[in-house]
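These notes are about the structure you will find just below.
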Amino acid sequence: MSRVRIRFSKHGAMKYLGHLDLLRFFQKAIKRADIPVAMSHGFSPHQLLSFAMPLSVGLTSEGEYFDMELDTKESGISCDEIKRRLSETMVDGIEIMAVSLLSKDEKNVMAAVSKASYVVYYKRHPNWESKASPKELVTYFKELSSLRWEKETKKGTKVIDLKKEVSFFGAGCFDDCFFKAHPCFDNTGEFLTKEGDPFFLITLSAGSNNNIRPEAFFEVLLNDYTKEHYTIVTEGNGTGDLAVHRVELIFDR
Amino acid sequence: MSRSGRLALPDDILLSVDKAARYIGNEVNSVIKDRDSVDIRIAMCFPDVYEIGMSHIGMQILYSMWNERPDTWCERVFCPWPDLFSVMKERGIRLFALESQEEIISFDFVGITLMYEMCYTNVLEMLDLSGIPLHSKDRGDDCPIVMGGGACTYNPEPIAPFFDFFYIGEGEVMYDRILDLYKSHKRSGNYSRKAFLHEVAKLPGVYVPSLYEVTYNSDHTIKAFSPKYPDIPSVIKRQVVKDLDSAYYPTKPVVPNVRAVQDRAVIEVQRGCIRGCRFCQAGDTYRPTRERSVEKCLSIAKDVLSSTGYDELSLSSLSTSDYRELSRLMDELIDICKEENVNISLPSLRIDAFSLDVMGKVQDVKKSSLTFAPEAGSQRLRNVINKGLSVEDIMDGALKAFLLGWNKVKLYFMLGLPTETKEDREEIAHLANEVAALYYDAIPKEKRKGRVSINVSTSFFVPKPFTPFQWYRMFPPGEYLGRAHDVNSTIKSELNHKSINYSWHDAETTVLEGVFALGDRRVAPAIEYAYKKGQIFDAWTDFFDFSVWEEAFEKTGIDIDFYIGRIKPFREILPWDFIDCGVSRKFLEREWERAMEGKITKNCREGCSLCGCIDMKTGVCMEERKREGVS
């Protein structure tokens, strides 16, 4: 059985699509594209797909992945052909970025994810420029010995040291090179970033075991730094100060 | 063509409302055109939430059909959910179309699909949010033309003041001429909506309420209903598609981004029903029964599946069992669907050996349930309503199904039917009990997969225009609940009551539906009053508040008993009498009398009962069969 890993972006209007609706979108797209996907057995067979790391509604991404098993009975189909056929049936806001063949012993995409990188930036709300500057905030974080987060879970409160969950944290500015390197980076509507605006780049633990959502990290860090209450963009919370764009998932080999 | 990517709603709103993807458009097969290259822009409005509206096949037909015209761009609009409604009101954001995300007040037409009466306050919500004056008389030349179509137009009077015109009948027939007429009026350079409405009123099937005058007797009944001008027709004739095979059918339906109620490919195999159940409006207003050929259905199925990627397909019609070549159609569809890994979901077929065989092939027996709709508990009452389903049919079908492994049964009934007695209601419970007993008798203990589950549900009967029961009355909510209680308490006393679950429809909603179904123009102010008091989404129990409606009727001086609380004499002019829907008044009166005598009437294939639709010269009326009069 051969498997392929598909990388795609989610941006523009499609950033408002929920995870389950996104699954249904791809199930139908694969049928429209007539990809020989392997099916499960049983009375109502379903496509053998495996998605990594659901993205919160409202976040954009150019690092979304799913694995797809191919039906080996069908004649061989190349990764390029899969990319071409899927791309033809996409809508604005979802782009197929890459399709690659997986070796037999490769873990499935959800199990393989260990980290995720994000670009995080202030929305251009009124007086957004008075917010903590990314440079200062990065320095502040680096000098901390620990950053305690009391995470509310179904089983109770869990204490996490966020210092241990960050493998990279830096600040930068949007420039022409950035926009060229990340063509899927677009913000719809009213808080479009401009050249020179600052951003954070952060790599956080991710995956099924120890997943840190960037929204949560920044909420804890900003509250610690400013002692003010920040709210970060998440579903059901429209007053966020920060926007989040997932750049890439990092896999364990 | 790609749109600019701008959305009508700002990010903070989209992130704060439930299911934001309802409002972004951008679906597969949605149509984007260049606004500067079209002459006519239509906002097709469905006055309910996205997931419901996107499941409506009629809307998909008109959407695709209009967009086939190079000069026309039709876009979709659904009713914003109450969470968004209040934000839009507060911030003064106007209602927009999904495709262009532009405000619909700048469009040429606002077309509103009227599928059920309980959406009437949502109609007002959509007009209000658009910035369009609620009343036709208050709209200027630069305002879109507000048109209505769909099932409720068989009595459009309670919402008449809010519409510029209604289209009565099947949309495929006359809309091209309407749009052409509009274009020529616009081109003339001195467009006036008044002049356009006067001209469009002369097209068959078009009803412009403002061009008709209603006068009343001292007892409040209608004295006369007549056109204000001699060149305006006094009777509006329902428009009917003659040949379904050549009628437009969308092969690239829009695929919803948010899971719709119908998340599947839908093939309309037939229009109309031969059965003639006396309570059923669709059974009369879609006459005569017309079939789409097997070949056409198959080609549509293939095209829709490949353009949408759906993994489920469903057949749509009022009574699929009466489709004459169902066996061949199913065989061919099963072949196509197996190959494509597509499931077939079956509409409610009459339960018999054939349908059980088909269901066994395409459905997981363990999950599916059998549905019977006897509608009335006793044979006597079933004869009154002309529902040709006998206890033997039900027992026979249920037995076969039990032996094949089914153990879930749904039974649908109505309460409040003409001539109904307490005994009829008790029969509902007895019937449910007998079906349960049959299971325990027929299936040996070791072969049973748990207890049989019988779900009985009752709705309250609402008399509808153009049915033989259109003269009948309704009852106060308390009376309806008493009738449901009769059923409930009898079920509790049955031997197998533990296997029977009973639910009933909301009585107050039913009463309101009756007022809208049977009302006249004088009801409109109450709808407006209730809307202004905050009533929207009345079809959703979470938002329905009967006390607001009681207040609305009181403040606007409406006695609902006048509309729903009395049996009306044949001589009375009914609000919808100006519509010629194909079935004759004589036929309806005859059917009412036969109902009172408990006489059944043959279905259209067994023998013509001279309803009048034969004048349309199509469908079942043209099939080879014995023609006989009424005994």
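Throughout, read-outs are computed from the coordinates displayed, never taken from laboratory work. Because the structure is predicted, anything quoted here is derived from the model rather than measured. A quick note on method: Cβ atoms are made from the backbone with ideal geometry, for glycine too, and the neighbour counts reach across all protein chains shown.
Annotations for the structure displayed:
- Among residues other than B:V548 with Cβ under 13 Å from its Cβ, the summed charge is -4 (Lys and Arg +1, Asp and Glu -1).
- Shielding of A:7-13 by partner chains, average beta-carbon count, 10 Å: 3
- Low-density loop cleavage sites - chymotrypsin sites (Phe, Trp or Tyr not before Pro) in the stretch B:86-174, where at most 12 other Cβ are within 10 Å (DSSP): none
- When each of the peptides B:48-56, A:136-144 is scored by the mean number of other C-beta atoms lying within 10 Å of its residues, the order from highest to lowest reads B:48-56, A:136-144.
- Rounded to 5, the percent of DSSP beta bridges in the protein assembly as shown classed as antiparallel: 55
- Peptide B:21-28 shows a mean partner chain C-beta count of 5 within 10 Å per residue C-beta.
- Antiparallel content of DSSP bridges confined to the stretch B:11-237, in %, to 5: 30
- For the stretch A:149-218, the list of trypsin sites (Lys or Arg not before Pro) that fall in a loop by DSSP and count at most 16 other C-beta atoms within 10 angstrom reads A:K154, A:K155, A:K194.
- Prolate/oblate/rounded call for the stretch B:464-588, Cα gyration tensor, a/c under 1.5 rounded: oblate
- Protection proxy ranking, peptides A:99-105, B:502-508, B:432-438, average beta carbon neighbours within 10 Å, highest first: B:432-438, B:502-508, A:99-105
- Within the shell defined by Cβ-Cβ distances under 10 Å, the residues around B:K464 carry a net charge of -3, with Lys and Arg each +1 and Asp and Glu each -1.
- Across A:K107/A:K164; B:K89/B:K228; A:K107/B:K408, pairs whose alpha-carbon gap is larger than 32 Å: B:K89/B:K228; A:K107/B:K408
- Cα Rg, Dmax (largest Cα-Cα span) when computed across the stretch B:3-53, Å: 13.1, 36
- Between helix A:79-88 and chain A there is an angle of about 70 degrees, using the helix long axis and the longest principal axis of the Cα atoms.
- Residues whose amide H comes within less than 5 Å of that of B:S314, counting only those at least five positions distant or on another chain, are B:A265, B:V266, B:I267, B:S345 (H built at 1.01 Å from N in the peptide plane).
- Restriction of the GluC sites (Glu not before Pro) in the stretch A:33-133 to DSSP coil positions whose beta-carbon has at most 13 other beta-carbons within 10 angstrom yields A:E74.
- Listed pairs A:K31/B:K361; A:K31/B:K252; A:K10/A:K83; A:K142/A:K163; B:K400/B:K449 exceeding 18 Å between Cα atoms: A:K31/B:K361
- Per residue of peptide B:338-345, the mean number of Cβ atoms on other chains within 10 Å of the residue Cβ is 2.
- Rounded FRET efficiency, nearest 0.05, which uses the C-beta distance separating B:D141 from B:E572 and R0 of 51 Å: 0.85
- Cβ-based net charge around A:R3, under 12 Å, with every Lys or Arg adding one and every Asp or Glu removing one: -2
- Packing-based ranking, highest mean first, of A:42-52, B:18-28 given that Cβ atoms within 10 Å are counted: B:18-28, A:42-52
- Nearest-ten-degree value, helix B:477-493 long axis tilted from longest Cα axis of chain B: 30
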